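Visitor: Here's a structure for you.
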Amino acid sequence: MNNFLKILEENEYILADGATGTNLFGMGLETGDPPEPWNVHHIDRIKALHQGFVDAGSDIFLTNSFGGTSFRLKLHKFENQVFELNKAAGVIGREIADGVDRLVVVAGSMGPTGEMIEPHGPMTPKQAADAFKAQAEGLVEGGVDVLWLETMYAIEELEAAVDAIKDFGLPICATMSFDTAGKTMMGITPANLAKRAQELGLFGFGANCGVGAPDLLATITDISRHVGQGTTVISKANCGIPEYRDGEIVYTGTEELMAEYVHLALNSGAKIVGGCCGTSFEHVRAMRKAMDEHQMSPQPSMSDIESKVGEMSAGSRAIFAGDDRAPVKTRRSRRGR
């Protein structure tokens with residue numbers, strides 16, 4: 001059986017990893033530089049990243065390949081190394097997972113291209129599909145267990161990606177970033193994702209990145225109310241809110257906050273819970289302990305969430321209440337993670 005399907009079957013809850021970018025910055029990655037070339041130039045550091053999360057208790061970790069499409073790599077003149085860099089990401093992940101005496105799943109991270117599909121932009125659905133297929137070829141050759149689309153913001157791009165990678169024979173998961181008044185940048189609601197993800201046959205779906213734990217929990221709550229029992233809902237929240245301190249970005253989330261977030265996410269309907277931007281090994285270790293000690297309770301109210309992890313935005317409050325008419329304000333997308 002595929003490792004991802006096996007871990008879904010064997011575990012009531014599953015702990016994912018934390019931040020890729022944030023932790024690689026701590027290892028020497030410079031702002032503006034792509035992390036994917038480190039899969040061949042700094043293999044030891046990427047191994048240390050994955051090993052750190054596995055040692056902290058992660059059951060699933062994502063490969064260092066978020067920006068691995070030709071569109072992203074072209075910005076740094078690596079567009080001719082798509083297969084090489086993605087295969088290397090999978091090989092490193094496979095080595096770490098296979099060196100552990102328990103089941104650990106390697107998820108092939110695939111982020112958005114950074115381009116807009118027509119009519120909103122110049123990219124055609126075929127160009128998007130070709131880019132995702134080329135990336136997936138490397139990840140699959142490298143040995144990943146599941147293809148994991150993350151921080152997506154447009155349904156059209158998500159559909160193109162799924163169409164491109166569905167024939168590789170691996171499970172597909174997807175998370176979107178609901179960071180604009182409770183919706184994605186392109187106005188997609190959690191309910192929109194829940195409906196389309198089930199139609200696309202995704203093995204797991206949910207939300208990552210965004211604003212912070214309170215807003216992401218509103219998203220997970222809304223997704224959960226639109227899916228059937230047994231659906232694998234994924235929750236990967238940022239570790240608090242980013243603040244600029246002493247010349248660098250620091251996330252405000254504490255280990256205690258992320259532990260509370262785990263309990264709230266599981267009670268809100270998530271099966272796979274992890275962290276996104278700012279989430280360190282120490283945070284994941286606290287999240288592991290919280291997950292191991294968790295006892296299911298009724299779905300938390302808005303006041304429960306806000307009293308434990310912070311206030312929701314107005315848009316997310318509306319989404320939590322079941323009103324998806326919250327206004328959308330245009331914002332620029334981020335690289336993510």
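Readers should treat all values here as calculations from the given coordinates under stated rules, not as data from a laboratory. Small disclaimer: the values here were computed from a predicted structure and weren't measured. Positions of Cβ are generated from backbone atoms using ideal geometry, with glycine treated the same way; all protein chains shown enter the neighbour counts.
Visitor: Going by how many other Cβ atoms sit within 10 Å of their own, how do T63, T124, T231, T22 line up, fewest first?
Guide: So the ranking, lowest neighbour count to highest, is T124, T231, T22, T63.
Visitor: Here is a follow-up. Among DSSP beta bridges lying fully in region 3-320, give the percent that are antiparallel, nearest 5. Mind dumping the intermediate values first?
Guide: Values: 5 of 32 bridges.
Beta bridges within region 3-320, antiparallel portion: roughly 15 percent.
Visitor: Under 8 Å for C-alpha pairs, at least 6 residues apart: give me the relative contact order for the chain, rounded to a whole percent. Spell out each step's value before the answer.
Guide: Values: 721 pairs, mean separation 62.7, N = 337.
Across the chain, relative contact order equals 19 percent.
Visitor: Sticking with this structure for a sec: For region 187-337, taking Cα atoms only, what is the radius of gyration to one decimal and the Dmax to the nearest whole Å?
Guide: 14.9, 47
Visitor: Here is a follow-up. Give me the extension gain from K166 to S297: residue separation times 0.36 nm, minus the current Cα-Cα distance, reported in nm with one decimal.
Guide: Length gained, K166 through S297: 43.6 nm.
Visitor: Can you work out the Karplus-derived ³J(HN,Hα) for every residue in region 80-88? Use 6.51 cos²θ - 1.76 cosθ + 1.60 with θ = phi - 60°, whole Hz, and x for glycine or proline.
Guide: 8, 10, 4, 4, 4, 6, 6, 4, 4
Visitor: A follow-up question, please. With a 10 Å Cβ neighbour count serving as the proxy for reagent exposure, in which order, fewest first, do D101, D59, D222, D163 appear?
Guide: Ascending number of Cβ neighbours within 10 Å: D101, D163, D59, D222.
Visitor: Separation between the K47 and D33 pseudo-spin-labels, each 7 Å from Cα along Cα→Cβ, expressed in nm?
Guide: 2.0 nm
Visitor: Test of understanding: what is the full-extension gain from E256 to E84, defined as 0.36 nm times their sequence separation minus their Cα-Cα distance?
Guide: 58.0 nm
Visitor: Are there any trypsin sites (Lys or Arg not before Pro) in region 1-100 that are in a DSSP loop and have at most 11 other Cβ atoms within 10 Å? List them by number.
Guide: Sparse-neighbourhood loop trypsin sites (Lys or Arg not before Pro): K77.
Visitor: Per residue Cα convex hull volume for region 198-266, in cubic angstrom?
Guide: 93 Å³
Visitor: Okay, moving on. With the cut-off at 1.5 for a/c, could you classify region 101-182 from its C-alpha gyration tensor as rounded, prolate or oblate?
Guide: Oblate, since a/c reaches 1.5 and b/c is not below a/b.
Visitor: Right, another one. For D304, D55, which order do you get if you count the other beta carbons within 10 Å of each Cβ and list the fewest first?
Guide: D55, D304
Visitor: What does the net charge come to around L103 if you take all other residues with beta carbon closer than 12 Å to its beta carbon, with K and R at +1 and D and E at -1?
Guide: Result for the neighbourhood of L103: -4.
Visitor: Before rounding to the nearest 500, sum -39500 (n - 2.57) across all DSSP H runs of length at least 4 in the chain and divide by the residue total; then give [θ] at 222 nm in deg cm²/dmol. Can you show the working numbers first?
Guide: Details: 14 runs with 147 residues, N = 337.
The helix-only estimate for the chain comes to -13000 deg cm²/dmol at 222 nm.
Visitor: Go through K126/K236; K195/K236; K236/K271; K6/K47; K47/K166; K126/K166 and tell me which ones have a Cα-Cα distance over 18 Å in this structure. Don't skip to the answer; put the middle values down first.
Guide: Details: K126/K236 29 Å; K195/K236 20 Å; K236/K271 11 Å; K6/K47 24 Å; K47/K166 28 Å; K126/K166 15 Å.
Those over the limit are K126/K236; K195/K236; K6/K47; K47/K166.
Visitor: When the Karplus curve 6.51 cos²θ - 1.76 cosθ + 1.60 is applied with θ = phi - 60°, which whole-Hz ³J(HN,Hα) does each residue of region 255-272 get, with x for Gly and Pro?
Guide: Per residue, the Karplus-derived 3J(HN,Hα) values read 5, 5, 5, 5, 5, 4, 4, 4, 4, 5, 5, 5, 5, 8, x, 7, 10, 10 Hz.
Visitor: Please give the contour-minus-distance gain from H120 to E248: 0.36 nm per residue of separation, less the Cα-Cα distance, rounded to one decimal in nm.
Guide: On the way: separation 128, 0.36 × 128 = 46.08 nm, distance 3.37 nm.
Using 0.36 nm per residue and subtracting the Cα-Cα distance, I get 42.7 nm.
Visitor: Using only the Cα atoms, work out Rg/Rh for region 3-320, with Rh taken as the Kirkwood radius, to two decimals.
Guide: With Rg and the Kirkwood Rh in hand, the quotient comes to 0.93.
Visitor: Still on this structure: Loop-only check: which GluC sites (Glu not before Pro) in region 1-57 are DSSP coil with at most 12 other Cβ within 10 angstrom?
Guide: E12, E30
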